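The values are calculated or read from the model by the stated rules, or taken from the named source; none is laboratory data. Every value quoted in this text rests on a predicted model; they were computed, and no experiment measured them. Reconstructed Cβ throughout: ideal geometry from the backbone, glycine too, with neighbour counts over all protein chains shown. These area figures cover heavy atoms from the full protein model, side chains too; ligands, DNA and RNA do not enter into them. Shrake-Rupley method; radii C 1.70, N 1.55, O 1.52, S 1.80 Å.
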Amino acid sequence: MGGDGDRIRVLLVITRLELGGAQRVVLHTAANLDRRRFAVALAWGPGDILDDEARQIDDLELFPVETLVRPVAPVSDIRAFSSLRAAMRSFAPDVVHTHSSKAGILGRLAARAEDVPSVIHTVHGFGFTPLQKAPLRIAFKTAERALARYTDHFVTVSESDQSRGVKMGLFAAERVRVIRAGIDLEKFRFADGGSAVRETLGVPEDVPLVTQIGNFKPQKAPLDFVRMSAAVHARCAEAFFVMVGEGPLRGAAEELARNLGISEQMVFCGWWDDVPGLLAATTVSVLTSRHEGLPCSVVESLAAGVPVVATAVDGTVEVVRSGDNGYLAPAGDVAALAEAVCALLEDAEMYASFTRAASRGLEEFDRDLMVRHQEDLYRWMCCRVPS
C-alpha cells in the first residue's frame, strides 16, 4: 500500500461538485470513510455550489483541478490529465475511485499512467445517452469500452445499469457490483417545515403542490414537466407546481409556462437547500427524465412519504412500484404523466395508501450502509491476488 501505515489510501475523482446525486455520494463517502483504516483525498474541477462543503470535510486532502470541465475541451482536458497525474504522484493512492463521465475518462487514464494498483469507476448512468447525436454517442461508447481494460472494478447504482453494461460487453459480471447511492433516510422520514416552505414559495397551505427536483438539462426533460403541469391544471385548477434547479433550459421552461397560461401557478425557485422541508410541503413528486442512473430525488421523495410519478427509465423502475407507491409512464408521454398525477390528486383514499407505501423497502439506500459497502470494496481490492 501507499506508505501510510495500515491505512488504505483512496483518491476520489469527480468532474464537478454541482448539486446532484453523484456529488452527494462522493462528498458523503469522503467525509465518512473510517479514518482509522483509510486516508482520503478528493480531486475535482472547482467552481460549483458544493465546493465549500468539500473544503469543510476534516482530514481530507484536496486537489482542485481548474481545467477539469464537463464539455469536451482538448486543451483543458490535456491539462486536467496532467494535473490528475500530479495529484496521484503527490497522494500515492492505493485506490483511485472515479465518478462521472469526464472524470471517469481522464481519471482512469491518469491512474493507468501512474500505475495505481486499483482503479474503480462508478457508473451514475452511462456517459452515452439516447439524446446524443449518433457520432458523439458512438465516441463515448467506444471510449468506455477502451477504458474498461484500465478499470479493475465497476460500481453501478442500479441493477439496470449493471445488466446493461454486462450485456454491452463494457465489463464482465464478476467485475461489477451494485452499491446504491445513499441518502439520509431518517432526515427525510421525519422532515417537517412544509408550512414555512409554502409560505416562502407563495403557495397556499390548502392546495395540492406538485414538485420536480432536477437540473434544467435535456436529460430531465423540464419542458415535459411544464406541459404536464398545464394538463393537470386544466383538471385541478387549484394545484401549484414547483420546479427546483437550474440549467440551460430554465428560460425556455419559464417562457413555456407563460405561453401555456400557468405562470401564476408555477414557481421556479432555483436550487433549494432544505429538500426535506420542500418534500414535507409536496403532495406529489414528479420526474420527467428521458434517461437516468437511479435518481436520488425519487428515493428522497419516497423516503419523505411522497408518492412519485416518473418516467419508466433505467433505475427509476427499481424504486417506483407503479400502482403502489407511485406511477410510471413512458418517457415523453406527457398525457400519461398528467393522468397519473390527477389520479392521485382526485382519490384521497388511494393517495393515503400510496403515502403509507412510499418509504417501504428503502433500507438499501441508507447512506452509511453505502459507505460501508464501499469500504468493503476498497479492502477487497487491496487484498485480492493480482491476476
Among the residues of segment 74-95, is any crowded, with 20+ Cβ neighbours inside 10 Å, part of a strand (DSSP E or B) and touching a strand residue (DSSP E or B) at 6+ places or on another chain (Cβ under 9 Å)? yes
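Restricting the search to segment 355-387, which residues are of a type in the set (Gly, Ala, Ser) and either farther than 27 Å from ARG180 by Cβ or part of a helix (DSSP H, G or I) (or both)? Reasoning before the result, please.
If we filter segment 355-387 for residues that are of a type in the set (Gly, Ala, Ser), which is where we start, we get 357-359, 361, 387.
Of everything in segment 355-387, those that are of a type in the set (Gly, Ala, Ser) and either farther than 27 Å from ARG180 by Cβ or part of a helix (DSSP H, G or I) (or both) turn out to be ALA357, ALA358, SER387.
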Pair list, Cβ < 9 Å and 6+ apart or interchain, from segment 250-264 residues that are at positive phi to residues that are in a helix (DSSP H, G or I): GLY261/ALA230; GLY261/HIS233
Is segment 243-251 home to any residue that is open to solvent by less than 10 Å² (accessible area, probe 1.4 Å), over 25 Å from VAL26 (Cβ atoms) and either in a helix (DSSP H, G or I) or among the β-branched types (Val, Ile, Thr) (or both)? no
Hey, can you tell me all the residues within segment 4-26 that are part of a strand (DSSP E or B) and among the basic types (Lys, Arg)? ARG9, ARG16
Could you list, in sequence order, all residues of segment 180-216 that are under 19 Å from the mean Cα position of the chain (by Cα) and open to solvent by less than 40 Å² (accessible area, probe 1.4 Å)? ARG180, ALA181, GLY182, ILE183, LEU185, PHE188, THR211, GLN212, ILE213, GLY214, ASN215, PHE216
Could you tell me which of the residues ALA43, ALA103 is assigned to a helix (DSSP H, G or I), within 26 Å of ARG175 (Cβ to Cβ), open to solvent by less than 10 Å² (accessible area, probe 1.4 Å) and among the hydrophobic types (A, V, I, L, M, F, W, C)? ALA103
With respect to LEU84, is the statement that it is at pLDDT 95 or above and in contact with a Phe, Trp or Tyr (Cβ under 7 Å, 6 or more places away or on another chain) true? no
Pairs needed: first member in segment 12-32, farther than 23 Å from VAL72 by Cβ; second member anywhere, in a helix (DSSP H, G or I) and open to solvent by 30 Å² or more (accessible area, probe 1.4 Å); C-beta distance under 6 Å; at least 6 residues apart or different chains. LEU27/GLU53; HIS28/ARG367
Within segment 208-220, does at least one residue satisfy the condition of being of a type outside the set (A, V, I, L, M), closer than 23 Å to CYS296 by Cα and without any contact (Cβ under 8 Å) to a residue 40 or more places away in the chain? yes
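Looking for whichever is of a type in the set (Gly, Ala, Ser) and modelled with pLDDT of 95 or more here; the options are SER90, SER100. Which one fits? Walk me through how you get there before you give the answer.
Details: SER100 fails: modelled with pLDDT of 95 or more.
Just one listed residue meets the conditions, SER90.
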Residues that are surrounded by fewer than 24 Cβ atoms within 10 Å (Cβ to Cβ), at least 1 per element: which strands (runs of 3 or more DSSP E) completely within segment 266-354 meet that? 266-270, 326-329
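Being closer than 30 Å to GLN219 by Cα, modelled with pLDDT of 95 or more and buried (at least 23 other Cβ atoms within 10 Å of the Cβ) is true for just one of LEU109, LEU68, LEU27. Which residue is that? Show your work before the answer.
On the way: LEU109 fails: buried (at least 23 other Cβ atoms within 10 Å of the Cβ); LEU27 fails: buried (at least 23 other Cβ atoms within 10 Å of the Cβ).
Going through LEU109, LEU68, LEU27 in turn, just one is closer than 30 Å to GLN219 by Cα, modelled with pLDDT of 95 or more and buried (at least 23 other Cβ atoms within 10 Å of the Cβ): LEU68.
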Segment 144-179: number of residues that are under 21 Å from SER118 (Cβ atoms) and open to solvent by 30 Å² or more (accessible area, probe 1.4 Å): 13
Condition first: modelled with pLDDT of 95 or more, touching a Leu at 6+ places or on another chain (Cβ under 9 Å) and within 14 Å of GLN212 (Cβ to Cβ). Now tell me which residues in segment 237-258 satisfy that. ALA239, PHE240, PHE241, VAL242, VAL244, LEU249, ALA253, LEU256
